[in-house]
Structures are given as C-alpha cells and as structure tokens.
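Since every read-out is calculated from the coordinates, none of them should be taken as a lab result. Nothing here was measured: the structure is a model prediction, and the numbers come from that model. Neighbour counts are summed over all protein chains in view; Cβ atoms, including those assigned to glycine, are modelled from backbone coordinates with ideal geometry.
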Amino acid sequence: MMRIFLLLSALAAVLLLPNAAQARSHPGTLDNSPWLQPTWLKLLHYEQDRTSASGYRSAIHDAAFFLSATGFTDPQAEFEATLSALAPNSGAEDDNHAQCRFPARFIWIQSLPGLGDIGAVECPAFSAWNRSNRIDSISLVYATGFLGNPASFYGHTLLKFNAASESGQSQLLDNSLNYGAVVPPNENPLRYMYKGVFGGYIGGFSEIEYYFHSGVYGEVELRDLWEYELNLSSQQVAFVVAHGWELLRREYTYYFFRKNCAYRVAELLEIVEGLEIIPESHVATVPQAVMQKLARGSLDGKPLIREVRYQPSRQTRLYNRFYALGATERSAVRALAEQPARLSQTLDEFPDLKARQRLLDTLLDYYQYVREPEKKAADPNNGHYQRVLQARFNLPPGATQVAQNRRGAPHLGRDPSLVRVAALHNSVRGNGVLLSLRPAYYDVLDSGNGHIRNSVLSMGEVSLVHFNGQTELRQVNLVNLESLNDAVTGLPGDRGHYWKLRVGARAQSLACSDCLVVQAEGAIGKARRINRHLLLGASLGGWLQESHQDSGNMALTAAIFANMSLGEAYSGRLQLQQREGLDGARAGRSGVALELRKRLDTNLDIRLGYHRDRAEEAMLSLGYYF
C-alpha cells in the first residue's frame with residue numbers, strides 16, 4: 001500500500017506541473033521519483049541546503065547548466081525540463097540540442113525503466129571532443145606538491161582521457177580535464193590565500209591536451225606525476241566522459257581546503273554508481289588522501305586501479321642520472337658545467353663509448369634543467385645545450401640505462417593528519433606530558449610519499465603541555481612552511497635554495513609558563529646534499545612578535561641545520577640557532593633542537609627529541625597518522 005501511495009503522489013505532482021504535458025508525451029510510467037535518485041542529484045551537483053524549499057541547491061551557479069528556470073534549486077523541475085528537451089523533435093538542432101549539451105543526462109535517463117527509447121540526434125562537437133568514442137580508459141593524475149604556489153602546496157589532481165592505443169595517437173595528445181580557480185594575473189599571494197580559503201574565486205573545469213600539464217608540472221615546476229588508470233568498464237568510461245563535457249566551463253565557487261581540485265575531480269568520477277573516493281573529512285580534501293582511498297576501493301568486485309604509471313620530473317631525471325655516474329664521471333660533469341669549452345678534451349679522456357654516452361646524456365638533462373629556451377642567445381646555457389646535443393648525435397645511437405630512484409607512490413604513503421602524545425622532562429618545570437594535533441600535512445622528518453622531501457607543510461597545528469597539574473597552550477601554528485631544494489648535483493643552477501615562513505603563536509621559551517606570544521618568522525638560506533643520507537643548510541632571518549616581559553618585538557636569527565635519513569625508516573634533524581633582539585631587553589639567545597624519528601608502521605612512528613631554549617627539555621613521543 002505504501003508503494004502505491006508513493007507512486008500516486010509522484011504521478012499527481014507531475015500532472016500538476018506546467019511541463020506535465022511534455023512529460024506525459026513519453027511512453028511508460030516513471031517510478032520512485034527519479035529526480036531524487038542519487039545519480040540525478042550527482043548529475044546536477046545538488047547539495048543539501050536548508051534554505052531551499054526543495055532542500056537542495058546546485059554547487060554550479062551557471063544558468064546555462066539548467067534547462068528549468070528553477071533548476072538551480074529544484075531537482076524535479078530540472079528533471080522534467082530535461083525529459084522534454086531530450087526528445088529529438090524538441091526544436092533545437094545539432095550541438096544546441098539537449099542531448100548534445102547534456103549527454104550524460106541523456107545516457108542516464110535512457111536507462112530508466114518504463115521510459116521507452118528516446119531517439120538519438122547527431123552531436124558533431126561532442127563526437128569530436130570524445131574522439132568519436134575512441135576513449136577507452138580514464139586516468140586520475142596526481143602531481144606532487146609545489147611550495148612555489150599556495151594552490152599547489154598539497155599536490156594537484158586532474159583527469160586524463162586515454163584514447164585507444166590502436167588510434168596511434170601519442171598519450172601526450174590525450175584530452176585532460178582540470179579543475180581550478182579563475183585568478184587574475186599577478187594576484188597578491190596573501191589576497192590569493194584569503195580569497196581561496198573563503199570562496200572569493202570562481203572555480204571551474206577546463207580542457208587541454210595532456211602535454212600541457214606534463215610540461216608545466218614536470219618540466220617547469222619540477223613535480224613528479226603519477227598516473228592511476230582506473231578499472232572502469234567501457235560504459236562507465238563513456239558516462240564519465242559525457243559528464244565531463246557537461247561540466248566544461250561551468251561556474252562553481254572555489255574553496256582551497258575542502259571543495260578544491262581533488263574534491264571536484266573525485267566528485268566527477270563518483271558519477272559512476274558504487275564509486276566512492278572522496279575522503280570523509282569535512283575540513284579539507286587532501287589530494288593524496290583521494291589517491292589512498294582510490295587504492296583501497298573496489299568496484300564491481302575489482303580493484304579501482306588498473307595500472308600505476310610514474311613520470312619523473314626533469315629534476316628527478318637529472319638527479320637519478322647523476323647518482324648513477326661513477327665518481328670520475330661526476331667530477332667530469334662538474335668540470336664541464338664550470339668550463340663548457342672543454343667538452344671535446346674531456347670526452348677524449350673517456351675512450352669507453354658507454355662512458356661518453358653517460359656523460360653527454362647527464363649534461364643534456366642538466367642543461368634542460370637550468371637553461372631558459374625563451375631567452376635564446378641571452379642564456380649561454382642554450383648554446384652549451386646545442387653543442388652537447390651535437391656531440392651526442394656524433395656518437396652511435398643507444399640509450400644509457402639508468403636505474404630509477406623511484407619515490408614511493410602517493411597511495412602507499414601515510415595518512416595526512418597526525419596526533420602525538422609525548423612524555424617530557426623539563427630542567428625547569430619537571431616532568432610533563434605533551435599532546436599535539438596537526439591536521440595537515442608533513443614536517444622534515446615525516447615527508448614521504450607524494451611530499452616534498454626535507455621540507456615542511458604544516459597548517460593548524462596545536463600543542464598542549466601539562467606540568468604540575470597545569471595545562472596550557474605550548475604552540476599554535478597557523479602556517480608553517482619550509483621549502484628546500486636538495487641540490488643533489490651541486491652544479492651551477494642547482495645550489496639548494498631554502499626559505500621558511502611561520503605564522504602563529506608559541507611559548508616565549510621552554511622555561512616559562514602561560515607565556516604564549518603571537519609570532520611571525522621568516523628566513524632564507526642555502527642547502528647542499530652531502531650524500532644520500534646527509535643534507536646541510538644555513539639560513540638568516542628575522543622574527544616579529546608581541547613583546548612579553550620586555551622580550552622585544554623584533555629579532556634577527558641565524559641557523560645551521562643538518563637533515564639525516566637512513567632509508568624510509570629513520571630520519572633526524574639537528575638545528576642550532578642564534579637569536580639577537582633588536583629592541584626590548586635585546587638579550588641574545590641560542591637554541592638547540594635535535595629530533596630523531598623511527599617509522600614503526602605506515603601510520604605510526606616514535607620520536608626522541610632534545611631542545612634547549614632557556615631550559616633543557618627531553619621528549620619521547622608516539623605519533624599516529626589518520
């Protein structure tokens with residue numbers, strides 16, 4: 001009885017609507033209010049909204065995306081308007097027809113039981129875009145993080161539509177679909193971050209052939225690319241491609257943390273019934289977390305990932321090739337980078353053909369890394385590159401094989417958030433306990449798969465300490481960033497730039513209680529990798545803070561640090577810092593920080609630390625990533 005009542009109620013609602021006549025013109029009876037089915041709500045990107053009469057509001061605020069005047073907030077009205085417009089004799093022609101503008105809606109509505117067949121119309125533009133239905137698979141591409149652009153701190157995801165291999169087309173010419181914010185040229189970085197966080201930009205999907213992203217991410221921004229080919233059926237591939245066409249150039253509101261590129265791209269894939277890869281977090285959507293959920297998921301009893309392909313960046317390729325050289329060959333490359341005119345003489349010193357090939361191939365990668373082709377003759381490295389290329393052509397053909405120092409795939413890394421509990425002994429305050437929560441993302445010791453090694457990207461970190469029955473805030477980091485280039489080769493142009501920015505609040509020293517002060521710290525410096533296990537660096541910077549007990553508002557700092565690693569399991573950092581006040585009491589302060597980490601499991605570690613800042617403090621902590 002209840003089923004009959006619901007069916008009659010839905011039918012009565014259709015009869016009372018202005019578009020009911022058109023809806024009744026199609027054969028069959030629609031059951032279960034199709035406009036409330038999950039796939040329809042996903043196709044229109046409806047989100048729950050208490051202020052709307054229907055309880056829904058689309059995330060897309062582009063009038064051209066809707067066929068009903070009230071479709072923005074009314075799933076039923078949009079369904080009925082779509083149903084009427086899909087008829088071949090609806091009046092529109094070719095690419096302006098609803099079937100051509102909204103092919104995914106057409107595919108889904110055709111699958112509804114009791115509706116009957118709707119004749120198809122020709123859609124030249126969509127047919128050209130989907131390569132005449134020759135797209136046979138879809139890849140989710142992950143670009144590792146890039147600290148040169150706030151929007152890319154956490155990495156980036158995009159979709160790649162793979163044409164069938166028998167088409168003979170290069171994969172670089174495959175279509176890609178990318179979601180991002182529409183940002184004015186030369187936007188102020190602080191304004192950019194503020195508007196990105198609070199929804200001040202329009203967001204949307206754009207299309208371009210994949211070689212563009214491969215060039216920008218891998219060659220310019222030096223970011224490794226990971227391509228995850230999805231295990232979808234041909235029907236599921238066609239459905240996603242059709243919906244991608246519908247979303248092109250539609251306007252969303254862009255949000256940096258939650259509804260960002262990773263969220264919208266995953267949302268597009270979730271149009272496939274049963275596919276769920278959006279992380280459950282309601283605070284932020286971290287691209288790596290999407291890849292991890294993708295790897296753990298399945299669809300129709302099969303893993304979601306069919307194949308993983310790795311595309312190292314230009315920098316990674318150079319470093320791998322340089323590491324593969326012997327000591328004599330490395331010295332020769334360094335000498336040629338300093339004195340390019342000695343190319344012929346140096347090659348004569350290496351009678352072995354394979355050694356010459358290795359030298360020239362490494363130099364080609366090096367000049368690709370440092371040269372600026374657009375400057376042409378103004379950049380001497382362009383001329384050096386041409387001479388090395390000519391010398392390589394003069395040798396017999398044959399590629400030099402290099403073992404890839406392959407970074408761990410992002411989906412195999414740890415989870416993005418961290419909670420840490422530590423036992424403390426403070427030389428002034430005695431024994432205590434520390435509790436720390438870091439919503440995202442990594443520090444020098446735990447930067448792993450998909451992260452930028454030896455760097456820091458931490459936001460929203462909060463630490464509490466408890467001494468002698470008193471609990472207080474030890475630290476609040478709104479933003480804590482450190483960017484470091486390893487400078488593996490030490491060649492000109494690969495010298496290891498370092499910068500640091502921290503904004504938040506921190507206890508004035510380890511010796512005081514209830515002494516939290518607001519601070520901003522910045523520094524720049526240089527770093528150099530000594531070997532695979534040791535990196536050394538130095539920096540100069542300054543502090544701004546609120547004064548506490550005449551501690552002053554400004555200070556200059558100098559620091560040296562050593563980052564150590566032994567495989568994936570062990571890492572450490574030693575830092576010595578000297579701080580000189582510019583006002584207030586102006587007392588100089590020296591500090592020492594030593595922290596060692598042991599990885600126990602993918603999402604579990606233990607750390608041992610020693611810090612000195614007007615008091616000495618030892619720490620033993622257990623960290624859990626989630």
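Annotations
- Lysine pairs in the chain whose alpha-carbon atoms fall under 15 angstrom of each other, counting only those eight or more residues apart or on distinct chains, come to 4.
- Counting only DSSP beta bridges whose two residues both lie in the stretch 131-311, roughly 95 percent are antiparallel.
- Cα shape, the stretch 23-167, gyration tensor, a/c 1.5 rule: oblate
- Size of electric dipole in the stretch 131-311: Cβ of Lys, Arg +1 and of Asp, Glu -1, about Cα centre, debye, nearest 20: 400
- Burial order of peptide ranges 426-435, 356-365 (average beta-carbon count within 10 Å, highest first): 356-365, 426-435
- The relative contact order of the chain comes to 8 percent, based on Cα pairs under 8 Å that sit 6 or more residues apart.
- Length gained when the stretch Arg309-His282 is fully extended (0.36 nm per residue, less Cα-Cα span): 6.7 nm
- Spread over its residues, the convex hull of the C-alpha atoms of the stretch 121-166 is 114 Å³ per residue.
- Magnitude of the charge dipole, the chain, Cβ model with Lys/Arg +1 and Asp/Glu -1, debye to 20: 1940
- Going from the residue with the fewest nearby Cβ atoms within 10 Å to the one with the most, His497, His451 rank His497, His451.
- D_trans [Stokes-Einstein, Kirkwood Rh over alpha-carbon pairs] for the stretch 493-626, 10 °C, 1.306 mPa s, µm² s⁻¹: 96
- Normalised radius of gyration (Cα atoms, divided by 2.2 N^0.38 Å) for the stretch 83-234: 1.30.
- Taken over the C-alpha atoms, the stretch 417-509 has Rg and Dmax values of 16.4, 56 angstrom.
- Ellipticity estimate at 222 nm from DSSP helix runs (n ≥ 4, -39,500 (n - 2.57)) divided over the chain, nearest 500: -7500 deg cm²/dmol
- Seen through its C-alpha gyration tensor, with square-root eigenvalues sorted a ≥ b ≥ c, the stretch 321-414 comes out oblate because a/c lies at 1.5 or above while a/b is not bigger than b/c.
- Note on Leu353 and Ile606: their simple-model spin labels are 5.5 nm apart, each label 7 Å out from Cα toward Cβ.
- Lys/Arg +1, Asp/Glu -1 at C-beta; the chain dipole; positive extreme among Thr157, Tyr194, Gly552: Gly552
- Legend: helices of the chain (whole DSSP H runs) are marked when their alpha-carbon atoms reach 18 angstrom or more along the helix axis and their mean Kyte-Doolittle hydropathy is at least -0.5; marked are 2-15, 234-247, 353-370.
- Applying a 4.7 Å Cβ-Cβ cutoff to the chain, the cysteines left without a disulfide-compatible partner are Cys261.
- A straight line joining the Cα centroids of the stretch 236-309 and the stretch 483-561 runs 37 Å.
- Global form of the stretch 131-311, assessed from the alpha-carbon gyration tensor, a/c cut-off 1.5: prolate
- Our summary gives the stretch 314-393 a relative contact order of 32 percent, counting only alpha carbon pairs under 8 angstrom and 6 or more residues apart.
- Building the convex hull from the alpha-carbon atoms of the chain and averaging its projection over directions returns 35.5 nm².
- Relative contact order (%) - the stretch 413-625, alpha-carbon pairs under 8 angstrom, separation at least six: 17
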